[in-house]
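Novice: Handing you a structure now.
The values are calculated or read from the model by the stated rules, or taken from the named source; none is laboratory data. These numbers come from a predicted model, not from an experiment. Every residue, glycine among them, receives a Cβ derived from its backbone with ideal geometry; neighbour counts consider all protein chains shown. Please note that ligands, DNA and RNA were not included when accessible areas were found on the heavy atoms of the full protein model with its side chains. Shrake-Rupley method; radii C 1.70, N 1.55, O 1.52, S 1.80 Å.
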Amino acid sequence: MAVKTIAGVQVNVSDDGYLEDMDQWNEDIAKEIASGLGIELTDEHFKVLNYLREKTKEGASLSIRSVGKSGIVDVKGLYKLFPKGPLKFSSKIAGIPKPTSCI
Amino acid sequence: MKKLLILGAGTAGTMMLNKLYNELEREEWEITIVDQFKTHYYQPGFLFIPFGIYSKQDVIKPKYDFFPPGANVIFSPIDKIVGEENKVYLEGGKVLNYDFLIIATGTQTRPGETEGLKDKLWYKDIFDFYTVEGAMALHQRFKDFEGGDLVMCIPEVPYKCPVAPLEFVFLADAYFTGKGIRDKVNIKFVTLMSGVFTKPVATKVLGGIMEEKNIEVISDFYLSHIDNENKKIFSYDEREVSFDILTIVPVNMGSEMVARSGMGDDMNFVKTDKYTLQSEQFENIFVIGDAANFPTSKAGSVAHFAGEILFENILSAMEGRPLQAKFDGHANCYIETGFGKGALIDFNYDTEPLPGTFPLPGIGPFGLLKNTKMNHYGKVMFRWIYWHILLKGKELPIEADMSMAGKKRV
């Protein structure tokens, strides 16, 4: 664990750059993490990010399939929004823990 | 009489039935188990059928052989659980009451979840080896296969026995070498994961074996659909892989009964406390095996280790004591690597598979994350252990909690 300054705020991040405490998150932090991944955030992105944060608060475990069935975005759309890392990048930008593939 | 009800008579349910039948007072407890099927499958054996190592007869026995003589057995599909009323409804309307309930209804393959999977090439050029029918159809196909692209694809997690697809490609390498046509067969391992396994140390070692055996690994491939006409699989990010034979792990989901009962996550796995194995919704319901949503491998070894914890906790709950046993997510998997060798991994929620010796530190006889002949014998012996010890709920000389003894941090 390390402390990092993102968008002027000091936050705790894991070794691979995921926020340790999702309550330290704000939209500016999201934008800065996203631009580091080459993604410019739009309203469509934020709909997905807010959905991911809500589900995580409820304690749900997330998968690409479950996000694709959410009604917010389908799997193809999720890939378009977060190329190369539909769940990993979106989780990182949403300030939630790294998704675990349960194995 | 108080009633204990077990739903599902697979590996986990049968094991719990035997353990609890031997422990609970017969005058006090009536024990009933429900399952819709009468045949018990030795599922680890399915993997060997395509290569002609096992036949169907090696992997099936009647479920009745493994039930204690005094248990009530009902063969019926289950409609739903109504936890608020302590009732289980069977299909057809019969109602069973319970004081305590164990859910062990497992996971099922759902080929229908993937577009183009259950289409015109199903069981002709596209197969699963998670059913005895699929494994046997693939065996027939292999007999006259003269070469081409053999693709193993993992389209979704979680799935039963995470190492089975690895073993499949290793055994295929040995099988086609034996037939003298290995140079004509391109073996490709396509996975939605970022590597051959989820944990870094094991990924490195197993990835190394892939390379040695000249098996191509295509990772981060999230399967969108299968094109039966052109024999290609496509990912959502529009990559494609062509196949002559496609072997796939169909999407795994829990029983529809779980969804009808309102107790599942979006894959129908029962929401379960990962330490106590108690349902998150009802204190008198416990969950074991593949049916549960806890983050560990869906495998018989996990059900076995979890069984010891569930046994302690359900007895505590029956006596009104707090639940003290905690499951650590322990899994232990033999990995067949072909040519009479095997590897072994041992891990839990917090510790990834590490190299070392097992179960005795420094002695073994099994080597962790090593490719040895002894590990292969372990796998071969396991079938006997499964039928005669594991299902009967007897003790094995391995602790339920994972041990760091004999493991090396790397």
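Novice: Note down the relative contact order for region B:189-261 as a percent, whole number, built from C-alpha pairs under 8 angstrom at least six residues apart.
Specialist: Working: 74 pairs, mean separation 16.7, N = 73.
Once normalised by length, the contact order is 23 percent.
Novice: If you don't mind, another one. What whole-number volume per residue, in cubic angstrom, does the convex hull of the C-alpha atoms of chain B give?
Specialist: Dividing the Cα hull volume of chain B by its residues yields 137 Å³.
Novice: Something else about it: Can you work out the FRET efficiency for the pair B:Gln36 and A:Gln24, with r the C-beta to C-beta distance and R0 = 56 Å, to the nearest 0.05?
Specialist: For R0 = 56 Å, the calculated efficiency reads 0.70.
Novice: I'd like the FRET efficiency for B:Phe75 and B:Arg239, computed as 1/(1 + (r/R0)^6) with the beta carbon distance as r and R0 of 56 Å, rounded to 0.05.
Specialist: The formula returns an efficiency of 0.75 here.
Novice: In addition: How large is the helix-only mean residue ellipticity at 222 nm for the protein assembly as shown, computed as the sum of -39500 (n - 2.57) over DSSP H runs with n ≥ 4, divided by its residue count, in deg cm²/dmol to the nearest 500?
Specialist: That comes out to -8000 deg cm²/dmol.
Novice: Compute the longest continuous run of chain A that contains no exposed GluC sites (Glu not before Pro); treat a site as exposed when its DSSP state is not H, G, I, E or B and it has at most 16 other Cβ atoms within 10 Å.
Specialist: Longest run free of exposed loop sites: A:59-103.
Novice: Another question, if that's okay. Quick one: with all protein chains in place, what share of the accessible area of the protein assembly as shown is carbon or sulfur, to the nearest percent (1.4 Å probe)?
Specialist: Here it works out to 49 percent.
Novice: For a quick size check, give me the Cα extents of region B:142-191 along its three principal axes, largest first, whole Å.
Specialist: 35, 16, 16
Novice: To continue, here is another question. Just to be sure I understand the model, the point goes 7 Å from the Cα along the line to the Cβ. What's the resulting B:Lys326 to B:Phe339 distance in nm?
Specialist: 4.4
Novice: Mean-square fluctuation check for chain B, GNM, Cα pairs under 10 Å: which of B:Gln281, B:Gln57, B:Gln36 is largest?
Specialist: Highest fluctuation among the options: B:Gln57.
Novice: Checking buried surface per residue: for region A:39-67, which residues lose a minimum of 10 Å² accessible area in the protein assembly relative to the chain alone (1.4 Å probe)?
Specialist: Correct list: A:Ser61, A:Ser63, A:Ile64, A:Arg65, A:Ser66.
Novice: Is there a pair in A:Lys47/B:Lys326; B:Lys19/B:Lys204; A:Lys98/B:Lys408 whose C-alpha atoms are over 30 Å apart, and which pairs would that be? Can you show the working numbers first?
Specialist: Numbers: A:Lys47/B:Lys326 38 Å; B:Lys19/B:Lys204 39 Å; A:Lys98/B:Lys408 26 Å.
Distance filter (> 30 Å) returns A:Lys47/B:Lys326; B:Lys19/B:Lys204.
Novice: Mind listing which GluC sites (Glu not before Pro) in region B:204-256 are in a DSSP loop and have 10 or fewer other Cβ atoms within 10 Å?
Specialist: B:Glu229, B:Glu238
Novice: Quote the charge dipole size of the protein assembly as shown about the Cα centre in Debye, to the nearest 20; the model charges only the Cβ of Lys and Arg (+1) and of Asp and Glu (-1). Display every interim value, and only then the final one.
Specialist: Numbers: 58 positive and 68 negative charges, 261 e Å.
With only Lys, Arg, Asp and Glu charged at Cβ, the dipole is about 1260 debye.
Novice: A follow-up question, please. Which three lengths, in whole Å and largest first, does chain A cover when its Cα atoms are put on their principal axes?
Specialist: 35, 30, 22
Novice: Related question: Please list, ordered by chain and number, the residues whose modelled amide H lies under 5 Å from the amide H of B:Thr105; skip anything fewer than 5 residues away on the same chain.
Specialist: Sorted by chain and number, the residues that satisfy this are B:Ala291.
Novice: Based only on Cα atoms, what mean projected area does the convex hull of region B:61-178 have, in nm²?
Specialist: Quarter of the Cα hull surface area: 11.5 nm².
Novice: If only Cα atoms are counted, what is the Rg of the protein assembly as shown, and what is its Dmax, in Å?
Specialist: 23.4, 70
Novice: Note down the magnitude of the dipole of chain A about its Cα centre, charges +1 on Lys and Arg C-beta and -1 on Asp and Glu C-beta and zero elsewhere, to the nearest 20 debye.
Specialist: Roughly 480 debye, rounded to the nearest 20.
Novice: How high is the FRET efficiency from B:Glu25 to B:Arg260, r the C-beta distance, R0 56 Å, rounded to 0.05?
Specialist: 0.95
Novice: While we're here: For chain B, take the longest principal axis of its alpha carbons; what is the angle in degrees between that and the long axis of helix B:164-178, to the nearest 10 within 0 to 90?
Specialist: 40
Novice: Amide H to amide H under 5 Å from B:Val217: which residues, 5+ apart in sequence or cross-chain, H placed 1.01 Å off N in plane?
Specialist: Under 5 Å from the amide H of B:Val217 lie the amide H atoms of B:Phe189, each far enough along the sequence or on another chain.
Novice: Identify which of B:Val73, B:Val302, B:Val287 has the largest mean-square fluctuation in a Gaussian network model of chain B, with springs joining Cα atoms closer than 10 Å.
Specialist: Per the Cα network of chain B with a 10 Å cutoff, B:Val73 tops the list.
Novice: Nearest 10 degrees, 0 to 90: what angle lies between the long axis of helix A:43-57 and the longest principal axis of chain A (Cα atoms)?
Specialist: Value to nearest ten degrees: 80.
Novice: So, one more: Going by Cα centres, region A:39-89 and region B:57-107 are how many Å apart?
Specialist: Answer, in whole Å: 38.
Novice: Go through region B:104-166 and name the GluC sites (Glu not before Pro) that are in a DSSP coil and have 10 or fewer other Cβ atoms within 10 Å of their Cβ.
Specialist: The qualifying sites are B:Glu146.
Novice: For region B:271-284, in order, what is each residue's ³J(HN,Hα) by Karplus, 6.51 cos²θ - 1.76 cosθ + 1.60 with θ = phi - 60°, in whole Hz (x at glycine and Pro)?
Specialist: 5, 9, 5, 6, 9, 8, 6, 8, 4, 6, 9, 10, 5, 9
Novice: Follow-up question, since we're still on this one. Over the C-alpha atoms of region B:1-145, what are the Rg and the largest Cα-to-Cα span, Dmax, in Å?
Specialist: So, for region B:1-145, Rg and Dmax equal 18.7, 60 Å respectively.
Novice: Each residue of region B:139-156 in order: what ³J(HN,Hα) in whole Hz does its phi give by Karplus 6.51 cos²θ - 1.76 cosθ + 1.60, θ = phi - 60°, with x for Gly and Pro?
Specialist: 4, 4, 5, 4, 4, 10, 6, 9, x, x, 8, 9, 10, 9, 10, 10, x, 7
Novice: Next up: Going by accessible area, probe 1.4 Å, with all protein chains left in place, what is the ranking of B:Lys408, A:Lys84, largest first? Before the final figure, lay out the partial values.
Specialist: Values: B:Lys408 120, A:Lys84 175 Å².
Largest accessible area first, the residues go A:Lys84, B:Lys408.
Novice: Students often get this wrong, so check it: of B:Lys118/B:Lys199; A:Lys84/B:Lys188; B:Lys56/B:Lys392; A:Lys57/A:Lys84, which have C-alpha atoms separated by over 27 Å?
Specialist: Beyond 27 Å between Cα atoms: B:Lys118/B:Lys199.
Novice: Moving on to the next point. When only DSSP loop residues count, what trypsin sites (Lys or Arg not before Pro) in region B:1-107 have their Cβ near at most 16 other Cβ atoms within 10 Å?
Specialist: In loop regions of region B:1-107 (DSSP not H, G, I, E or B), the sparsely surrounded trypsin sites (Lys or Arg not before Pro) are B:Arg26, B:Lys38, B:Lys94.
Novice: Quick one: dipole size for chain B, taken about the Cα centre, charges +1 on Lys/Arg Cβ and -1 on Asp/Glu Cβ, in debye to the nearest 20.
Specialist: The dipole of chain B has a size of about 1160 debye.
Novice: Where in region B:83-117 is the amide nitrogen less than 13 Å from a point lying 7 Å along the Cα-to-Cβ axis of B:Lys2?
Specialist: Answer for region B:83-117: B:98-101.
Novice: Work out from phi, with θ = phi - 60° and the Karplus expression 6.51 cos²θ - 1.76 cosθ + 1.60, the ³J(HN,Hα) of each residue of region B:234-248, listed in order in whole Hz, and give x for Gly and Pro.
Specialist: My calculation for region B:234-248 gives 10, 9, 5, 8, 6, 8, 9, 9, 8, 9, 9, 10, 10, 10, 10 Hz in order.
Novice: Relative contact order for chain B: what is it in percent, counting Cα pairs under 8 Å that are at least 6 residues apart?
Specialist: Numbers: 881 pairs, mean separation 67.7, N = 410.
Computed over chain B, the figure is 17 percent.
Novice: With a/c under 1.5 counting as rounded, go ahead and sort region B:111-251 into rounded, prolate or oblate using the C-alpha gyration tensor (a ≥ b ≥ c being the square roots of the eigenvalues; past the cut-off, prolate if a/b is larger than b/c, else oblate). Can you show the working numbers first?
Specialist: Numbers: a/c = 1.44, a/b = 1.04, b/c = 1.38.
Taking the square roots of the gyration eigenvalues as a ≥ b ≥ c, region B:111-251 is rounded.
Novice: I would also like to ask the following. Can you give me the long-range amide H partners of B:Lys298? Hydrogens built in the peptide plane at 1.01 Å from N, cutoff under 5 Å, separation of 5 or more residues or another chain.
Specialist: Under 5 Å from the amide H of B:Lys298 lie the amide H atoms of B:Tyr159, B:Cys161, each far enough along the sequence or on another chain.
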